[in-house]
Amino acid sequence: MSLTVSDFREVFGVAPEGSWRAPGRVNLIGEHTDYNDGLVLPIALPNRILVTASSRDDGRIAVASSGQPGVIEFAIDELAPGSVGDWAAYPAGAAWVLRESGYAIGGANLLFESDLPSGAGLSSSAALLCATSVALLGLRDLEADPAEVARLAQKAENQYVGAPVGLMDQMASMCCTEGHALYFDIRAMSTGQIPFDPAADGLALLVVDVKAPHRHVDGEYAARRKSCEQAAAELGVPALRSIGYDDLDDALSRLGDDVVRRRVRHVVTEIRRVEEAVELMRAGRLRDVGPLFTASHVSLRDDFEITVPELDVAVDTALEAGALGARMTGGGFGGCIIALTEADQADAVLSAIEKAFAEHGFNAPSSLAASPSAGASRVG
């Protein structure tokens with residue numbers, strides 16, 4: 001349920017001037033390719049972070065959340081990395097980077113609410129940064145290119161919050177369009193809108209949060225990235241994107257470490273799977289994308305080794321129950337799977353996963369609808 005004007009008045013003592021939203025995202029295919037200068041294919045979710053806002057003339061920003069107690073307030077001119085902590089570091093970081101980039105933002109009251117599940121790997125942090133940014137800009141009628149806002153949100157998360165994230169999540173939150181996936185080429189910094197509307201083809205895209213204790217530890221992520229960088233250096237290329245699919249066998253033969261070889265094989269084949277998925281979507285052959293999802297999961301499980309039992313059981317069960325394809329999505333070590341199913345089989349697939357989780361003694365999973373939605377916008 002959305003917050004009301006009376007909620008805002010109760011918190012800040014004034015009426016709101018508008019509301020802005022920024023969605024979470026799920027990546028259809030292209031996992032751990034971003035820091036290898038590769039290709040990704042996310043969609044924006046209907047689930048979003050909503051910011052209701054009013055302007056202030058004292059150069060201060062006050063933030064409150066329906067999910068957090070109290071109000072946190074800070075002066076825009078005093079912002080510096082580390083100056084605001086906890087969840088408020090994200091809106092503070094958005095204000096800091098906009099100020100540093102020359103945008104004449106002013107003081108504001110910001111009230112946040114979210115229907116994005118936390119800890120599910122659906123990019124609530126990028127949505128929070130993007131929602132704050134469009135609200136602060138919108139309050140002052142400031143124009144900014146969506147891709148530029150995405151880059152600034154990434155900078156805020158990197159430099160203010162201190163999280164070494166890539167650009168995919170912010171680009172999806174800002175630049176996706178309804179009924180499309182965002183084809184984002186990291187090396188070229190170019191985007192395209194690819195038709196992707198499962199419901200129109202009698203299909204459904206299930207997103208299932210496996211509720212695994214999140215094991216996406218910094219050490220594991222850093223180790224995968226280091227392996228990729230090590231391989232690129234050994235092969236004499238700036239990034240693994242430079243290894244063509246047809247040149248993969250030759251490249252693998254030049255690498256001495258089996259773990260590094262498997263990491264490279266995942267990245268190069270995953271980039272190829274993104275290209276194939278885009279070709280199929282453009283041709284209107286969404287059902288044929290399913291096997292690419294499954295092949296991606298096998299690669300992430302066996303070559304990149306970032307799945308956990310909950311993810312594997314969910315994928316295997318979805319396929320056994322009739323899904324056209326399924327894969328883990330996100331950073332791994334927990335989070336979500338996606339499953340492409342016939343629309344009339346979606347409930348049966350989800351029920352099968354729930355039953356399998358109960359039999360394995362796992363936490364009960366949850367699911368959400370994944371209709372491809374629009375990026376950040378003003379809503380009121």
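The values are calculated or read from the model by the stated rules, or taken from the named source; none is laboratory data. From a predicted model like this one, the values you see are computed outputs, not experimental measurements. Quick reminder, even Gly has a Cβ in these numbers, built from the backbone with ideal geometry, and neighbours come from all protein chains shown. Calculation scope for accessible area: heavy atoms of the full protein, side chains included, ligands and nucleic acids excluded. Shrake-Rupley method; radii C 1.70, N 1.55, O 1.52, S 1.80 Å.
Details
- For Ser83 and Ser55, the FRET efficiency from 1/(1 + (r/R0)^6), where r spans their Cβ atoms and R0 equals 30 Å, is about 0.85.
- Our helix-only sum for the chain, with -39,500 (n - 2.57) per DSSP H run of n ≥ 4 divided by its residues, gives a mean residue ellipticity at 222 nm of -12000 deg cm²/dmol.
- In this structure, the amide hydrogen of Arg56, modeled 1.01 Å from its nitrogen in the peptide plane, lies closer than 5 angstrom to those of Gly107, Ala108, Asn109, counting only residues at least 5 positions away or on a different chain.
- Estimated inter-spin distance, Lys226 and Asp247, nm [label 7 Å along Cα→Cβ]: 2.7
- Distance between the pseudo-spin-label points of His360 and Ala343 (7 Å out from Cα toward the beta carbon): 3.0 nm.
- Cβ-derived FRET efficiency at R0 45 Å, Ala200 paired with Glu305, nearest 0.05: 0.80
- Simple Cβ-charge dipole of the range 240-380, Lys/Arg +1 and Asp/Glu -1, about Cα centre, in debye nearest 20: 520
- Compared with the alpha-carbon gap, the fully stretched path from Ser6 to Glu100 is longer by 30.5 nm at 0.36 nm per residue.
- Sequentially through the range 103-119, phi angles give Karplus couplings (6.51, -1.76, 1.60; θ = phi - 60°) of 7, 7, 6, x, x, 7, 9, 10, 10, 9, 9, 9, 10, 8, x, 7, x Hz, Gly and Pro residues having no value and appearing as x.
- Average accessible surface for the range 96-218: 38 Å² per residue, computed with a 1.4 Å probe over protein heavy atoms with every protein chain in place.
- With contacts taken as Cα pairs under 8 Å and at least 6 residues apart, the range 127-213 reaches a relative contact order of 20 percent.
- Distant-in-sequence amide H partners of Leu324 (H built 1.01 Å from N, under 5 Å): Leu340, Thr341, Glu342
- The share of accessible area on the chain that comes from carbon and sulfur is 47 percent, using a 1.4 angstrom probe.
- Area accessible to solvent at His32, 1.4 Å probe radius, in Å²: 10
- Spacing of the modelled spin labels on Ala374 and Met189, each 7 Å from Cα toward Cβ, amounts to 2.7 nm.
- For trypsin sites (Lys or Arg not before Pro), the sites in the range 121-229 that DSSP calls loop and that have at most 16 other Cβ atoms within 10 Å are Arg140, Arg187, Arg215.
- Cα shape, the range 78-121, gyration tensor, a/c 1.5 rule: prolate
- For the chain, the gyration tensor built on C-alpha atoms gives a prolate shape. Its axis ratio a/c (a ≥ b ≥ c) is at least 1.5, and a/b is the larger of a/b and b/c.
- Only protein heavy atoms count here; under a 1.4 Å probe, Thr307 has an accessible surface of about 30 Å².
- Measuring with a 1.4 angstrom probe and ignoring ligands and nucleic acids, Glu78 comes out at about 140 Å² accessible.
- Helix 290-302 and the longest principal axis of the C-alpha atoms of the chain enclose an angle of approximately 90°.
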